[in-house]
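Below is one structure, written out as structure tokens; the observations come after it.
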Amino acid sequence: MITDKNVSDKLESDKTISDQLEKDTSIAELKAREEVEEKASEIKSEEVISDKLESDEEFEISEKMISETVISDKLKIDNSVVLRALEEGKKNPRVVVWSPKSSVVLRILKKTIPEFSISHEASKLLEEAIKEKYPEIWRIVENIMKD
């Protein structure tokens with residue numbers, strides 16, 4: 001026997017399913033859009049870098065600043081790598097990391113310390129860690145970006 005309660009429950013269930021599908025679709029669309037934008041940005045960056053490498057006017061990096069630097073048995077850095085990284089870093093200095101624990105800690109600090117900046121603190125911590133782990137590369141970058 002079909003009652004008003006059964007119909008109401010069925011409608012509520014259908015609405016919940018519909019809402020979840022909409023949410024899942026929106027999330028999938030956002031992820032797809034982000035992937036497309038990221039790929040487009042990469043392609044544009046590569047085009048800009050190749051243009052800059054051809055003209056070499058914007059960045060004058062002398063051999064004294066960067067000779068081929070051997071960081072380890074498996075890692076060496078030459079001018080073309082530095083030029084590309086410099087162009088990309090200046091164009092898009094944002095670094096995105098996935099760290100739920102760090103996110104929670106920084107958000108707690110943001111909510112408890114007046115004028116606390118998550119971005120400033122994360123930037124400072126990340127720079128210190130990179131400088132400590134990769135001092136040779138850090139020195140190269142510091143020398144280039146002094147100006």
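Readers should treat all values here as calculations from the given coordinates under stated rules, not as data from a laboratory. From a predicted model like this one, the values you see are computed outputs, not experimental measurements. Methodologically, a virtual Cβ is constructed for each residue, glycine included, from the backbone with ideal geometry; neighbour enumeration extends over all protein chains shown.
Here are a few things to note about the model shown:
- Chymotrypsin sites (Phe, Trp or Tyr not before Pro) restricted to the range 74-147 and DSSP loop, no more than 11 other C-beta within 10 Å: W98
- Net charge, E128 excluded, C-beta distance under 14 Å - Lys, Arg +1, Asp, Glu -1: -1
- When each of K31/K110; K31/K101; K23/K91; K31/K91 is checked by Cα-Cα distance, pairs over 30 Å: K23/K91
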